[in-house]
């Protein structure tokens, strides 16, 4: 009864109060299903036995036991609820810590992605500059190749002219020195 009054007084005030724990020997636990069946069968037998005084006595006795049993049931249910709430709070705090860890990881990943993006843009700019240089070098190589081909053609003409002159064996070789010009015949 005192436990019920304590529950009623605390339900309106929303204050947490500490309840004393009872050992299994002190607490009248609710009957199991088998015991319920046995009690129900006993009540049926008593009601069929017939004396009104006996059944009234048993009902009063059952009513006296019910508030105590109900109080114990309520206390055990409250204890289970408190245990469940504690477990939920522990789970929630664990989830919160995991979420904070995940947020730190996500922040780290975002930082790494930012670095990767900057590195990629730097690399892209470097590649574009190198491609421009390669394009310029390619143009220069084409120009040099064209010049070399032109010079190759001129060299062939000169070689042909030299060969023709050697056939004639009558040509002049001019050797230039600083300041004077000399003719020699070969």
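Below is a table of values for the structure above.
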| item | result |
| --- | --- |
| Length released on extending from residue 124 to residue 98, taking residue separation times 0.36 nm less the Cα-Cα span | 5.6 nm |
| Förster radius 35 Å - calculated FRET efficiency between residue 86 and residue 110 (Cβ-Cβ, nearest 0.05) | 0.45 |
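Taken together, the values in this text are just the output of simple stated rules run on the coordinates, not laboratory data. What you are looking at is a predicted structure, and each value in this text was computed from that prediction instead of being measured. Glycine also receives a Cβ, built like all others from the backbone with ideal geometry; neighbour counts cover every protein chain displayed.
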